[in-house]
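Here's the structure we're looking at; comments come further down.
None of the figures in this text is laboratory data; all of them are computed from the coordinates on show. Everything numeric here is computed off the predicted structure, so don't read it as measured data. Heads up, the Cβs are rebuilt from the backbone with ideal geometry, glycines too, and the neighbour counts pull from every protein chain shown.
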């Protein structure tokens, strides 16, 4: 499957019960903390929690340049399993 299609689907159907924030890792290794986002057919608009060194507050990023998402909040496993993930996580 096309990686950009995977990320477009994920952001377009963001899991209920998961805060719309985290840290996005780009294909160039840049880590961008975000506090919200908007989707389009080809590009993701992410809003930074605070400006970076250049004062940037928002970033437009093509889906194919997304490498991973780091989840910064505790999210219950049932949120992920309701969205197609399988298996169990250890209980604390």
Cα convex hull of the range 13-63 - mean projected area over all directions, nm²: 3.8
Most fluctuating residue given options 46, 66, 74, as computed from a GNM of the chain linking Cα atoms under 10 Å: 74
Residue 47-residue 20 pseudo-label distance in nm [points 7 Å out on the Cα-to-Cβ vector]: 0.8
Cα-based Rg / Dmax (Å) for the chain: 13.8, 42
Acute angle (nearest 10 degrees) that the helix 3-12 long axis makes with the longest principal axis of the chain, alpha-carbon atoms: 80
